[in-house]
Amino acid sequence: MSTPAISVVIPCYNEQEVLPEFHARITAAMEGIGLPFELVYVNDGSRDGTLALMLQAQAGDPRVAVVNLSRNFGKEIALTAGLDHAACSEAVVVIDADLQDPPEVIPALVAAWRQGFDVAYAQRSVRHGESWLKRVTAAGFYRVMQRLGGRVQLPQDTGDFRLMSRRSLDALLQLREQHRFMKGLFAWVGFPSVAVPYDRAPRAAGTTKWNWWKLWNLSLEGITSFTVGPLKIASYLGLGIAFISAAYIVQLLLRTLLFGNPVAGYPSLMAAVLFLGGVQMMMLGIIGEYLGRVFNETKGRPLYIVERHIPSG
Ligand code: UDP
Ligand code: MG
């Protein structure tokens, strides 16, 4: 078999319920495009029959490649592992296995790429099956990121579902940081990009691996790996408090000189001590978030360990 023009990278963690249907639909969608392709399934340490299903698909179709990671590394790393092992010469498509990203959208992504765009990202026009709370928090997160992002802007309502040209993939693969906020990395790479709108379906089967705590951490990850903005808060807050304190000291001095000192300072003393204590703890926390990430980066570990790699063809 010749080298595939397009690789499709699919990170999977416990997806045995949807994988057969996904495989059928992605194969049909890719065959409709008419370019040689491969499907790179990454098993991210699933505890169910996901790997067996992948190997079975591989045995029946030489266009399937399997990358089995040694344990669960998380979606962002699993995705990176798949991108590292993509053999495509032209372009790569990133898609979730749970059918929330409909494979039928891929031809539209390919059409946009053929018009000369390096990146065609699928943009959700409707979010089915997601609570209003999730929608509101997602919108808030994008707004914060837009404020903080500066030169690098995150497109709204966009997941990892996208097509990238080989050269933008090569650029992306040069970014080897441990803390991988993929949306931020995609945006950092740049190149001419275009949005392709689609309807986001609810999960076909299985359950989401996300919960509120994980989403909160993902947002932290996004902000801290994207911008050092929060580190500046300390400087400005400190400056503000210094000004207020100076005014307060002047007022105290004048009052003492004019009216004597009746020693009534306990509540204001307590308020100042507690307030400053809280502010300092919060600032230490912010510095800690960044320091922890510096710590993880300096260890220079590989991003993932591959247990087995079966290439396509
Ligand atoms: N995934 C993964 N490793 C993980 C968690 C998720 O490879 O540790 C995969 C999962 O199998 C799916 C994709 O990442 O193909 C998106 O996961 P999920 O549907 O749970 O996320 P959501 O759609 O809720 O953002
Ligand atoms: Mg999903």
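Applying a DSSP loop filter and a limit of 13 other Cβ atoms within 10 Å to the trypsin sites (Lys or Arg not before Pro) in segment 261-313 leaves Lys299. Volume per residue of the convex hull around the Cα atoms, evaluated for the chain, comes out as 157 Å³.
Panel values: segment 65-114, Kirkwood radius from alpha carbon pairs, Stokes-Einstein at 20 °C and 1.002 mPa s, translational diffusion coefficient 170 µm²/s. Rounded to the nearest 20 debye, the dipole magnitude of segment 30-138 is 340 debye, with +1 charges on Lys and Arg beta carbons, -1 on Asp and Glu beta carbons, and the Cα centre as origin. Could you point to the residue in Leu19, Ala195, Ser312 farthest towards the positive end of the chain's charge dipole, with +1 and -1 charges on the Cβ of Lys/Arg and Asp/Glu respectively? Final value for the positive-end residue is Ala195. Note on Val152/Ile33: beta-carbon distance plugged into 1/(1 + (r/R0)^6) with R0 of 35 Å gives a FRET efficiency of 0.70. Taking 16 Å as the cut-off, the amide N atoms of segment 226-245 that come nearer than this to a point 7 Å along the Cα-to-beta-carbon line of Tyr290 belong to 226-239.
Result for the chain in a Gaussian network model with C-alpha springs under 10 Å: among Leu53, Leu239, Leu291, the largest mean-square fluctuation is at Leu239. Positive end of the dipole of the chain, charges at C-beta (+1 Lys, Arg; -1 Asp, Glu), about the Cα centre: which of Ile95, Phe243, Val228 has its Cα farthest in that direction? Toward the positive end, the furthest listed residue is Phe243.
Taken about its Cα centre, segment 1-49 carries a charge dipole of about 120 debye when Lys and Arg each add +1 at the Cβ and Asp and Glu each add -1 at the Cβ. Residues considered: Phe226, Phe275, Phe37. Largest GNM mean-square fluctuation over the chain, using C-alpha springs under 10 Å, is found at Phe275. Over segment 1-145, the reciprocal of the mean inverse Cα-Cα separation, the Kirkwood hydrodynamic radius, stands at 16.2 Å.
Under the simplified labelling scheme, the Ile310-Ala234 pair shows an inter-label distance of 5.2 nm, with each label point 7 Å from Cα along Cα→Cβ. Our helix-only sum for the chain, with -39,500 (n - 2.57) per DSSP H run of n ≥ 4 divided by its residues, gives a mean residue ellipticity at 222 nm of -16500 deg cm²/dmol.
Selection among Phe141, Val152, Gln178 by position relative to the dipole of segment 130-195 gives Val152 as farthest towards the positive end (Cβ unit charges, Cα centre).
Can you give the Kirkwood hydrodynamic radius of segment 230-293 from its Cα pairs, in Å with one decimal? Kindly include the intermediate steps, with their values, before the conclusion.
Working: mean 1/r = 0.0725 Å⁻¹.
Result for segment 230-293, one decimal place: 13.8 Å.
Using a simple spin-label model with pseudo-atoms 7 Å out from Cα toward Cβ, Leu133 and Leu253 lie 5.2 nm apart. Of Lys232, Lys75, Lys183, the residue with the greatest mean-square motion in the GNM of the chain, using alpha carbon springs below 10 Å, is Lys232.
For the pairs Lys183/Lys214; Lys214/Lys299; Lys183/Lys299; Lys183/Lys232, note any where the Cα-Cα span goes beyond 21 Å.
Working: Lys183/Lys214 16 Å; Lys214/Lys299 24 Å; Lys183/Lys299 24 Å; Lys183/Lys232 23 Å.
Too far apart for the 21 Å limit: Lys214/Lys299; Lys183/Lys299; Lys183/Lys232.
Values quoted throughout were computed directly from the atomic coordinates according to the rules given, and no laboratory measurement underlies them. Owing to the predicted nature of the structure, the values given are computational and were not obtained by experimental measurement. Note: ideal-geometry Cβ built from the backbone for every residue, glycine included; neighbour counts use all protein chains shown.
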